[in-house]
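Undergrad: Sharing a structure below in structure tokens format, with a few things to ask.
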Number of protein chains: 2
Amino acid sequence: MTNYRLTIQYLGTRYNGWQRQGNTENTIQGKIEAVLSRLLGTPIEIIGSGRTDAGAHAYGQIANFHAETDMPEETMLHYLNQYLPKDIAVTEVKKVSERFHSRFHVKSKTYQYRIWNSDISNVFEKQLVYEVTDKLDVDRMKEAALYFLGEHDFRAFCSNRRMKKSTVRVLYEIHIEVLEPEIRITITGNGFLYNMVRIIVGTLIEIGMGEKNPSDVPAMLAGKDRRNAGFTAPPGGLMLMEVEY
Amino acid sequence: MTNYRLTIQYLGTRYNGWQRQGNTENTIQGKIEAVLSRLLGTPIEIIGSGRTDAGAHAYGQIANFHAETDMPEETMLHYLNQYLPKDIAVTEVKKVSERFHSRFHVKSKTYQYRIWNSDISNVFEKQLVYEVTDKLDVDRMKEAALYFLGEHDFRAFCSNRRMKKSTVRVLYEIHIEVLEPEIRITITGNGFLYNMVRIIVGTLIEIGMGEKNPSDVPAMLAGKDRRNAGFTAPPGGLMLMEVEY
């Protein structure tokens, strides 16, 4: 029995997100499992580090699976990339310790959200950015971002209203970088609730537009009410960059 | 009468190239003329610096047109970007001297060709690169590139067999840059024949694969026979970067 760890890149535009759902074939997980099952001649289920939303992308998603084979890493890598659709790539296959689990052992994750802040479109990367034509005040956004750092109950920043488990998470870093006319937000945390990055980004955008104030953030967090936070920014700008173990 | 100069970006994937051809609406030129004609209430014809192939892209294509209006540059820029498809953008509108002509006054043009040399796909930019899985020997390609520099009759590197005008052109620069696993070829010259960049790149790829030798290039040029040069690399990797006046 070998435990294989995969590092995966995808352009999520055409897919219903990472996670296979019943008969829904059109997921990243489903596509990879189909190729692996054919390669190994037995049904394979892979464990992802977590879901990504429909339309969101990944630069370094991690998954693992156990299989009764000793197939070399290079052989598997080559086969996967030969048969996967062109918008999904496996960049590394590695045999890892029997005990490694892609989801349970996550220490932190890093997401990036790309805002194209211009009324001139980004014609080359339109599937990877969210276009905002109103000029955003980045200083306000940076000021607001600081309030999210550290340990908080992020219930107000979660789309799942019936979340029964803890909604407390720790954000280690929020970095807002300006690459004129792009605004790139990078967020690292120990875990993320459903739509949490997109709601934080939507809130920062509303603050950058002057519709909300940086100093409103503490009350949003404390109030734990989704209605006080900003809108859910669309998935196209979102990329799971790295999963740290 | 005002002479307007436009700087244009496009992802060429969906279009039949730059140049409007009779009733073929699906060209970059056609799309821009349609929006301008509606804006100015009179049929507008624009003059491009030159054609680009179906499926090829531009970062800085230049065009100009004369019109009986004094509309401010900003107004025109805004209107164009509002009504053009999302894969065409006008990045600058500038009122220029009455005598400026986008095609006649070109001093040089710079093209870039992006080769993705890996069996792991570039999932995020697949419309912008040409994927070559066989490992290319870049040193051989760099050696070969030197032979193209300077003034030559490029008849062997032209797809138009009935070209009656001069096929002599001057290449000022060919730069081959490795951004592992990408190989980026940048070519500047005083003018380019039909498919010339793509045939030079196809020849360099065959040399990088070992199918042809760097020292074969002088004979290809001297022989003036298209059949001695390499294949025509596909248009998706090609981008018109800049037109110099």
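The values are calculated or read from the model by the stated rules, or taken from the named source; none is laboratory data. Note that the structure is predicted; figures quoted are calculated from it, not measured. FYI the Cβ positions are ideal-geometry reconstructions off the backbone, even for glycines, and counts take in every protein chain you see.
Undergrad: Considering only residues that are crowded, with 18+ Cβ neighbours inside 10 Å and of a type in the set (Asp, Glu), look in region B:43-99 and name the one that is farthest from B:Leu6 (Cα to Cα).
TA: Checking each candidate, the answer is B:Asp53.
Undergrad: Right, another one. Quick check: is even one residue across region B:82-93 closer than 30 Å to B:Cys158 by Cα and in contact with a Gly (Cβ under 7 Å, 6 or more places away or on another chain)?
TA: no
Undergrad: Condition first: within 17 Å of B:Phe124 (Cα to Cα) and outside any strand (DSSP E or B). Now tell me which residues in region A:83-92 satisfy that.
TA: Result: A:Leu84, A:Pro85, A:Lys86, A:Asp87.
Undergrad: Looking for something within 14 Å of chain A (Cβ to nearest Cβ), under 28 Å from B:Asp225 (Cα atoms), surrounded by 15 or more Cβ atoms within 10 Å (Cβ to Cβ) and free of Cβ contacts under 8 Å to residues at least 40 places away in the same chain - is there at least one such residue anywhere in region B:123-131?
TA: The answer is yes; a qualifying residue exists.
Undergrad: Can you tell me which residue in region A:132-141 is farthest from the other protein chains (Cβ to nearest Cβ), limited to those that are surrounded by fewer than 17 Cβ atoms within 10 Å (Cβ to Cβ) and not β-branched (Val, Ile, Thr)?
TA: A:Asp139
Undergrad: Please go through region B:6-49 and give me each residue that is of a type in the set (Lys, Arg) and over 20 Å from A:Ser121 (Cβ atoms), ordered by number.
TA: Within region B:6-49, just B:Arg20 meets the criteria.
One line per residue, one yes/no per condition, for (1) within 19 Å of B:Leu240 (Cβ to Cβ); (2) touching a Ser or Thr at 6+ places or on another chain (Cβ under 6 Å); (3) β-branched (Val, Ile, Thr):
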residue: B:Leu84; (1), (2), (3): yes, no, no
residue: B:Val90; (1), (2), (3): yes, no, yes
residue: B:Asp119; (1), (2), (3): no, yes, no
residue: B:Val123; (1), (2), (3): no, no, yes
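Undergrad: So A:Thr203 ticks every box in (1) loosely packed, with under 15 Cβ neighbours inside 10 Å; (2) in contact with a helix residue (DSSP H, G or I) (Cβ under 8 Å, 6 or more places away or on another chain); (3) hydroxyl-bearing (Ser, Thr, Tyr) but one. Which box is left unticked?
TA: (1)
Undergrad: Tell me, please, whether a residue that is more than 15 Å from A:His175 (Cα to Cα), outside any loop (DSSP other than H, G, I, E, B), more than 14 Å from chain B (Cβ to nearest Cβ) and among the β-branched types (Val, Ile, Thr) can be found in region A:96-115.
TA: Yes, region A:96-115 contains at least one residue that is more than 15 Å from A:His175 (Cα to Cα), outside any loop (DSSP other than H, G, I, E, B), more than 14 Å from chain B (Cβ to nearest Cβ) and among the β-branched types (Val, Ile, Thr).
Undergrad: In addition: Name the pairs: first residue in region A:217-245 and in the same structural domain as A:Lys142 (by TED's automatic domain parsing), second residue in a helix (DSSP H, G or I) and among the aromatic types (Phe, Trp, Tyr), Cβ to Cβ under 6 Å, at least 6 apart or on different chains?
TA: Within 6 Å, the pairs are A:Val217/A:Tyr147; A:Pro218/A:Tyr147; A:Ala229/A:Phe157.
Undergrad: Among the residues of region B:1-33, which ones are outside any strand (DSSP E or B), under 15 Å from the mean Cα position of the chain (by Cα), surrounded by fewer than 23 Cβ atoms within 10 Å (Cβ to Cβ) and within 14 Å of another protein chain (Cβ to nearest Cβ)?
TA: The one that is outside any strand (DSSP E or B), under 15 Å from the mean Cα position of the chain (by Cα), surrounded by fewer than 23 Cβ atoms within 10 Å (Cβ to Cβ) and within 14 Å of another protein chain (Cβ to nearest Cβ): B:Thr13.
Undergrad: So which pairs qualify, if the first residue must be in region A:74-91 and within 7 Å of another protein chain (Cβ to nearest Cβ), the second must be among the hydroxyl-bearing types (Ser, Thr, Tyr) and in a helix (DSSP H, G or I), the Cβ gap must be under 9 Å, and the two must be at least 6 apart or on different chains?
TA: Here the result reads A:Asp87/A:Thr13, each pair linking region A:74-91 to a residue that is among the hydroxyl-bearing types (Ser, Thr, Tyr) and in a helix (DSSP H, G or I).
Residue-wise test of (1) free of Cβ contacts under 8 Å to residues at least 12 places away in the same chain; (2) surrounded by 18 or more Cβ atoms within 10 Å (Cβ to Cβ); (3) small (Gly, Ala, Ser); (4) in the same structural domain as A:Arg14 (by TED's automatic domain parsing).
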| position | (1), (2), (3), (4) |
| --- | --- |
| A:Tyr113 | no, yes, no, no |
| A:Ser121 | yes, yes, yes, no |
| A:Phe154 | no, yes, no, no |
| A:Val168 | no, no, no, no |
| A:Glu182 | no, no, no, no |
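Undergrad: Same structure, new question: Can you go through A:Gly60, A:Gly41 and tell me which one is closer than 22 Å to A:Asn195 by Cα and out of contact with any Pro (no Cβ under 9 Å at 6 or more places or on another chain)?
TA: Only one candidate passes the filter, namely A:Gly60.
Undergrad: From the residues in region A:34-77 that are of a type in the set (A, V, I, L, M, F, W, C) and part of a loop (DSSP other than H, G, I, E, B), which one is farthest from A:Ala233 (Cα to Cα)?
TA: Ranking the candidates gives A:Met71 first.
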